[in-house]
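Undergrad: Let me give you the structure first, and then I'll get to my questions.
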């Protein structure tokens with residue numbers, strides 16, 4: 001089979017080596033531009049971002065429910081606020097977790113992130129010390 005005239009310069013002599021080098025350089029440049037500037041991401045990075053977004057969504061959905069439940073209970077039992085104020089500030093989220101305020105139906109265990117966010121909302125609502 002005879003090589004077509006327009007391909008002859010690319011496949012005759014040392015040209016195949018140059019063609020291969022061009023393919024390699026082109027592939028590397030494409031990846032560098034794609035990952036560097038094009039917004040491409042690896043599967044592992046995407047999984048980390050999805051996990052972080054999932055936790056953030058869970059916290060933003062459940063923390064207001066926790067704070068609202070606490071506020072409704074505090075209307076009938078003013079000791080809740082007094083007890084919360086009596087606890088040192090760095091242990092209050094543990095108190096909320098241990099008291100069951102951040103355990104929701106269907107959830108087996110309380111979530112520390114929800115407890116911290118719930119405490120921030122409670123402190124903003126009740127201006128605890």
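Taken together, the values in this text are just the output of simple stated rules run on the coordinates, not laboratory data. Treat the numbers as computed from the prediction; the structure is a model and nothing was measured. A quick note on method: Cβ atoms are made from the backbone with ideal geometry, for glycine too, and the neighbour counts reach across all protein chains shown.
Undergrad: Any chance you could give the angle, 0 to 90 degrees and rounded to 10, that helix 43-76 forms with the longest Cα principal axis of the chain?
TA: Between the helix axis and the principal axis of the chain, the angle is about 10 degrees.
Undergrad: When the chain is fully extended, how far beyond the present Cα-Cα distance does residue 76 get from residue 125, taking 0.36 nm per residue of separation? Before the final figure, lay out each step's value.
TA: Working: separation 49, 0.36 × 49 = 17.64 nm, distance 1.59 nm.
Between residue 76 and residue 125, full extension yields an extra 16.0 nm.
Undergrad: Using a Gaussian network model on the chain with a 10 Å cutoff between Cα atoms, which of 73, 117, 108 fluctuates the most?
TA: Among 73, 117, 108, the largest mean-square fluctuation in the Gaussian network model of the chain belongs to 108.
Undergrad: Would you mind checking the tilt of helix 112-126 against the longest principal axis of the Cα atoms of the chain, expressed as 0 to 90 degrees and rounded to 10?
TA: 50 degrees
Undergrad: Just to compare against my own numbers: the Cα pair-distance distribution for the chain, 10 Å bins, whole % per bin, please.
TA: 11, 25, 15, 10, 10, 8, 8, 8, 4, 1
Undergrad: For the stretch 43-126, calculate the relative contact order in percent as a whole number, restricting contacts to Cα pairs under 8 Å that are 6 or more residues apart. Kindly include the intermediate steps, with their values, before the conclusion.
TA: Values: 56 pairs, mean separation 29.6, N = 84.
In percent, rounded to a whole number, it is 35.
Undergrad: On to the next question. What ranking do 18, 92 get, fewest neighbouring Cβ atoms within 10 angstrom at the top? Let's see the in-between values first.
TA: Values: 18 12, 92 21.
In increasing order of surrounding Cβ atoms, one gets 18, 92.
Undergrad: Kindly provide the helix-only [θ] at 222 nm of the chain, computed as the sum of -39,500 (n - 2.57) over DSSP H runs of four or more divided by all residues, to the nearest 500 deg cm²/dmol?
TA: Calculated from helices alone, the mean residue ellipticity at 222 nm is -23000 deg cm²/dmol.
Undergrad: Which angle between 0 and 90 degrees, to the nearest 10, do you get for helix 15-36 versus the longest principal axis of the chain when only C-alpha atoms count?
TA: So the helix axis and the longest Cα principal axis differ by about 20 degrees.
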